[in-house]
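In what follows, a single structure is set out as structure tokens and then discussed.
Since every read-out is calculated from the coordinates, none of them should be taken as a lab result. Since we're looking at a predicted model, the values are computed, not measured. Note that each Cβ is placed from the backbone with ideal geometry, even for glycine, and that neighbours are counted across all protein chains shown.
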Amino acid sequence: MTWHALMRGATAAVLVLLTFGTAISADSFPFDQEFLLDAPPMRPGKRMPLLTVEPNGNAKIDLWCRTVSARIEISDEAMKIETGALPEGQPEMMSIGQCTHERMQADEDLLATFGQIIGWRRVEEGIVLEGPKPLKFRVSDH
């Protein structure tokens, strides 16, 4: 075997490992699914926080009252979330009285928690976002 043949083989092997390794870590996160926060409902209203992450890292976070966009970086078990700002007003589709002061404050608290996430892991039919205050999500059934 010549030196060039060995180098081509080694280069091909490295490319396959890099491609395969990247695919494994990227595919392990369940993209394009709605994840419902595993928490007791907050009355009044039926809305529960939802998280949806696209393979390109764009995400949508439905909080208790409002919705924000986010950018999420995922690698193996590490995760970094940069959220957009909370909208000033209440959502148009909310019924009167649904966004109480407590729910609006819960939006701010939950958004701050997302900003402190440093990792993630799968659990049963969902995921846990790791940080000072872990957030458990399950796959939404709607």
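Observations on the structure shown:
- Dimensions of segment 41-142 from C-alpha coordinates, computed as largest minus smallest value along each principal axis and given longest first, are 43, 27, 25 Å.
- Most tightly packed first, judged by the mean number of other beta-carbon atoms within 10 Å of their residues, the peptides 35-47, 53-65 read 53-65, 35-47.
- Taking other Cβ atoms within 10 Å as a rough exposure proxy, MET104, MET79 sort from fewest to most as MET104, MET79.
- Stretched out straight at 0.36 nm per residue, the stretch from THR52 to ALA39 would grow longer than its current Cα-Cα span by 3.0 nm.
- For the pair ILE118 and GLU102, label points projected 7 Å from Cα toward Cβ lie 3.3 nm apart.
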